[in-house]
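Presented below is the structure to which this report refers.
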Amino acid sequence: MKVTLCSLLSGSITTTATIIILVFYLAEIGVSAPSPSYAMDSLGYEIQELATFLVSNPSSSSNDNSSSSGAISANTTMAISSNSSTVVYETEAFVVPQTVKTFVIYMANEFHENWPEESHKLITNKNAYAIPTNLTVSNGTSIAFHMADAPWDIPHDYIVRVVDAHTNETAFQTPLLSYPKFNRGISNSGTTVLPIGEYRMEAYLYGTDKVEAKPITIKVTDTPVDQSSNITAGFFYSPQRPVANPYDNDGQLHQGHLEYYRQQFPLHGLKIESTHSFHFASCSFYDKRESSVCIDDGGSTGELYWHDNKTADHVMIFWSSTRPYSQIAAALDEVTWENVYT
């Protein structure tokens, strides 16, 4: 009995000590930020799950969604909101988190159409030319441009200039950008880091004719980017569902729609973070109550979409990737080519 009692007491002491050590250890690691989770895509690349973003604090009210706002204090982490695409769509503004090293500005279909005279030809009247219309990035965050204006009837090539809003000097100019896989030139500009300041984006069709777009602004704050980050992010437009006619004017098939891209983005190393579905039927906008330009193949007048866009029901996709930019640019070429907008 003495041996048994001693054994029990010894076991009890050992268990108690173990619990004390475990509690102390958990208390110590409890203050540490959780490490990011990872997933492997089908091609074997490691893709970082963007569980949290480090957000800057331009001191302003929490209800202000403008490009200069952000209601989160510095050095705080915030999970990506499931409605982030909705907020960006509605406000036309995006404050890029400090943990995004590169942001890709997407130049939408019908980018060349004048605002507002030909706005009925656009995919939307919000973020119509570039997503977003008003961009804010940290000091050291690089930006790039991806050209997605479909070329089937008449190819549309552009030079983009980023102009200092105060001096009117060109801070960055792209090469001539062309639609992906159309053998006319590059579709992705490459990356550049702008100095702290305020800028406007200008686009020149064929490099000479200025596009009369909605004002597109870029602001670079003095908040430093996380230099250890390898995250690239951006936006994308797609039809919500398969369209009745998935062929372009040259007879080539384009399969892109939301569910198609839910499968294809991960295969190309792009992770869909959030989506926002919206409807834009243009004849009811800008006093175009009845307009022949919105009629496709003898359709009735009224709230109809511009036929080149194939549908009035679209979706905005917010994506991220940790692949090198060269691979991301190639991936964007593939998913853009599969888009059905013509």
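The values are calculated or read from the model by the stated rules, or taken from the named source; none is laboratory data. Every value quoted in this text rests on a predicted model; they were computed, and no experiment measured them. No Cβ is skipped: glycine too gets one built from the backbone with ideal geometry, and neighbour counts run over all protein chains shown.
At-a-glance table
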{"item": "Residue count for the range 152-164, restricted to those that are of a type in the set (A, V, I, L, M, F, W, C) and surrounded by fewer than 16 Cβ atoms within 10 Å (Cβ to Cβ)", "result": "1"}
{"item": "Failed item, numbered, when Pro215 is tested on (1) over 26 Å from Glu334 (Cα atoms); (2) crowded, with 17+ Cβ neighbours inside 10 Å", "result": "(2)"}
{"item": "Cross-chain or 6+ apart pairs with Cβ under 9 Å, the range 178-207 first and assigned by TED's automatic domain parsing to the domain that holds Phe103 and within 16 Å of Ala329 (Cβ to Cβ), then modelled with pLDDT under 95 and among the small types (Gly, Ala, Ser)", "result": "Ser178/Gly185; Tyr179/Ala150"}
{"item": "Single residue of the range 314-342 satisfying the filter (assigned to a loop (DSSP other than H, G, I, E, B) and among the polar types (S, T, N, Q)) that is nearest to Gly269 (Cα to Cα)", "result": "Thr322"}
{"item": "Selection within the range 212-271 - touching a residue at least 12 places away in the same chain (Cβ under 8 Å), of a type in the set (Lys, Arg) and not in a loop (DSSP other than H, G, I, E, B)", "result": "Lys219, Lys271"}
{"item": "Residues that are basic (Lys, Arg) and within 13 Å of Thr124 (Cβ to Cβ), drawn from the range 211-241", "result": "Lys214"}
{"item": "Members of the range 165-184 that are under 27 Å from Thr342 (Cα atoms) and exposed (fewer than 13 other Cβ atoms within 10 Å of the Cβ)", "result": "Lys181, Asn183"}
{"item": "Pairs, first assigned by TED's automatic domain parsing to the domain that holds His146 in the range 318-332, second part of a helix (DSSP H, G or I) and of a type outside the set (S, T, N, Q), C-beta under 6 Å, six or more apart", "result": "Ser321/Ile328"}
{"item": "Strands (runs of 3 or more DSSP E) wholly inside the range 112-176 that include at least 1 residues being without any contact (Cβ under 8 Å) to a residue 24 or more places away in the chain", "result": "170-173"}
{"item": "Out of Asn114, Asn125, sole residue that is over 19 Å from Tyr206 (Cα atoms) and either small (Gly, Ala, Ser) or surrounded by fewer than 24 Cβ atoms within 10 Å (Cβ to Cβ) (or both)", "result": "Asn125"}
{"item": "Selection count, the range 180-202, where residues are assigned to a loop (DSSP other than H, G, I, E, B) and under 21 Å from Thr232 (Cα atoms)", "result": "9"}
{"item": "Set Thr102, Thr133: member being modelled with pLDDT of 85 or more, in the same structural domain as Phe318 (by TED's automatic domain parsing) and surrounded by fewer than 22 Cβ atoms within 10 Å (Cβ to Cβ)", "result": "Thr133"}
{"item": "Selection status of Thr301, farther than 30 Å from Thr167 by Cα and either crowded, with 19+ Cβ neighbours inside 10 Å or at pLDDT 95 or above (or both)", "result": "no"}
{"item": "Condition met for Val163 (in the same structural domain as Lys210 (by TED's automatic domain parsing) and under 18 Å from the mean Cα position of the chain (by Cα))", "result": "no"}
